[in-house]
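S.K.: Let me give you the structure first, and then I'll get to my questions.
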Amino acid sequence: MPSYLQTAKTDQIDRRLQTPQIVEVAAQLTRHILGAVPDRLTHSQAVAARAKFFTLTVAPEDADLLVAAAWLHDIGYAPELRDTGFHPLDGARHLHNIGWPPAICNLVAHHSGARYVAQALNLDRELYAYPFSASAVSDALTLADQTTGLHGEPVTVDERMRDMLKRHGPHSANARAHPQRERYIRAAASRVANRLDSCGVDRAHQYIISTG
Ligand SMILES: [Fe+2]
């Protein structure tokens, strides 16, 4: 049984997760929630596409979990979901409130090293209502996000981090969290690269996840 099923709360959720439709349900929900924020929707769709490629690096039974979480990871940017203003937390809370299983909520809460930014924002206690698990799935989700630009274009980890620092500014929580967060993202990228190696994916096809 996939690990995320063991923590599912209700029969209803169990039934949903046992069907391949979880990815389609996640895609539909994201399209609905981010309909008013088209750039975020384009980005999310592209992150889901890259996550699909990275399913090579996770256990087969976790593939749908990864792609569903990739679709949903940025829904916290929707204006109507805004509560704390920290999108990983607002997104995870919304998913929890409408009955999505903990495995999805936790991945959304912690995508791309959100825990380091939460600390800089003094929101770490709130964020840890959703525990972080270091896993091949959390690595793949983070790298899918960090190799996809804001308009869905492919970018390297270096380009993505440079753009993020420019957008948020030198005094932002993102900038304060950057030293630790960057270490985590680069380490996740190199773990995913090693897993792709083990699957026989040529390094020539991995330029996008190069970490410089
Ligand atoms: Fe994202």
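S.K.: Which of (1) closer than 22 Å to Ala59 by Cβ; (2) assigned to a helix (DSSP H, G or I) is the odd one out, the single condition Trp100 does not satisfy?
M.R.: (2)
S.K.: For the structure I just gave you, tell me whether Gln206 is more than 24 Å from Ile104 (Cβ to Cβ), surrounded by fewer than 16 Cβ atoms within 10 Å (Cβ to Cβ) and modelled with pLDDT of 95 or more.
M.R.: Numbers: more than 24 Å from Ile104 (Cβ to Cβ): yes; surrounded by fewer than 16 Cβ atoms within 10 Å (Cβ to Cβ): yes; modelled with pLDDT of 95 or more: no.
No: the conditions fail for Gln206.
S.K.: Under 9 Å between Cβ atoms, which residue pairs at least 6 apart in sequence (or on different chains) link something in segment 193-210 that is of a type in the set (Asp, Glu) with a partner that is modelled with pLDDT under 65?
M.R.: Within 9 Å, the pairs are Asp197/Gln206.
S.K.: In this structure, is Arg160 more than 19 Å from Ser133 (Cα to Cα) and buried (at least 16 other Cβ atoms within 10 Å of the Cβ)?
M.R.: Numbers: more than 19 Å from Ser133 (Cα to Cα): yes; buried (at least 16 other Cβ atoms within 10 Å of the Cβ): yes.
Yes: the conditions hold for Arg160.
S.K.: Keeping to segment 29-75, report how many residues are more than 12 Å from the ligand (Cβ to nearest atom), over 17 Å from Ala92 (Cα atoms) and part of a helix (DSSP H, G or I).
M.R.: The qualifying residues number 13.
S.K.: In addition: Would you mind stating whether Asp163 is under 24 Å from Tyr116 (Cα atoms), acidic (Asp, Glu) and either touching a helix residue (DSSP H, G or I) at 6+ places or on another chain (Cβ under 8 Å) or modelled with pLDDT under 95 (or both)? First the steps, then the outcome.
M.R.: Numbers: under 24 Å from Tyr116 (Cα atoms): yes; acidic (Asp, Glu): yes; either touching a helix residue (DSSP H, G or I) at 6+ places or on another chain (Cβ under 8 Å) or modelled with pLDDT under 95 (or both): yes.
So Asp163 fits the description; yes.
S.K.: Just need a number here: residues in segment 111-165 that are closer than 21 Å to Gln45 by Cβ and assigned to a loop (DSSP other than H, G, I, E, B).
M.R.: 8
S.K.: State which residue is nearest to the ligand (Cβ to nearest atom) when the search covers only segment 100-148 and only residues that are crowded, with 22+ Cβ neighbours inside 10 Å and of a type in the set (Asp, Glu).
M.R.: Residue satisfying both the conditions and the ranking: Asp145.
S.K.: Shifting gears a bit: How many residues are in contact with a Ser or Thr (Cβ under 8 Å, 6 or more places away or on another chain), of a type in the set (A, V, I, L, M) and within 18 Å of Ala36 (Cα to Cα) when one looks only at segment 74-120?
M.R.: 1
S.K.: Which residue out of Arg191, Arg186, Arg176 is away from the ligand (no atom under 16 Å from the Cβ), under 30 Å from Gln21 (Cα atoms) and in a helix (DSSP H, G or I)?
M.R.: Result: Arg191 is the single residue among Arg191, Arg186, Arg176 that is away from the ligand (no atom under 16 Å from the Cβ), under 30 Å from Gln21 (Cα atoms) and in a helix (DSSP H, G or I).
S.K.: Give segment 76-99 a look and list any residue that's under 17 Å from Arg125 (Cα atoms), among the small types (Gly, Ala, Ser) and more than 14 Å from the ligand (Cβ to nearest atom), or say none.
M.R.: Passing the criteria: only Gly85.
The values are calculated or read from the model by the stated rules, or taken from the named source; none is laboratory data. From a predicted model like this one, the values you see are computed outputs, not experimental measurements. Glycine gets a Cβ as well: all are built from the backbone with ideal geometry, and neighbour counts include every protein chain shown.
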